[in-house]
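See structure below.
The values are calculated or read from the model by the stated rules, or taken from the named source; none is laboratory data. Just so it is clear, the structure is predicted and the values come from calculations on it, not from any experiment. Please note: Cβ atoms are built from the backbone with ideal geometry, for glycine as well, and neighbour counts cover all protein chains shown.
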Amino acid sequence: MTRKEIEKQVGKLLKTSTITDHNKKMLESLLTTMKLPVLKKILTALKKEDKKMKQLSDKKDRIQLKYKIMIEKLCKIQLSK
């Protein structure tokens, strides 16, 4: 992977990252001066964070669906009484 590709991916992941805006701006301004191994470590950390955030979002969706189904069943039971 080339330096430009890594910088592009880091920039894309920074947009959705949960780190503070100050840290995002610092990273964006320092991207061009960082050494390649440091860039790779940052990219790896941002990918892990993105993956965990997606997993949390999926889990939230599953829980919402579960409770929606449960409420619908309770409503049916209540209406049948």
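What to note about this one:
- The condition of being out of contact with any helix residue (DSSP H, G or I) (no Cβ under 9 Å at 6 or more places or on another chain), at pLDDT below 95 and not acidic (Asp, Glu) holds for only one of Lys15, Lys8, Lys59, Lys51, that being Lys8.
- The set of residues in segment 43-77 being within 30 Å of Lys24 (Cα to Cα) and of a type outside the set (D, E, K, R) consists of Leu43, Thr44, Ala45, Leu46, Met53, Gln55, Leu56, Ser57.
- Filter result (of a type in the set (A, V, I, L, M) and out of contact with any Lys or Arg (no Cβ under 6 Å at 6 or more places or on another chain)) within segment 3-35: Ile6, Val10, Leu13, Ile19, Met26, Leu27, Leu30, Leu31, Met34
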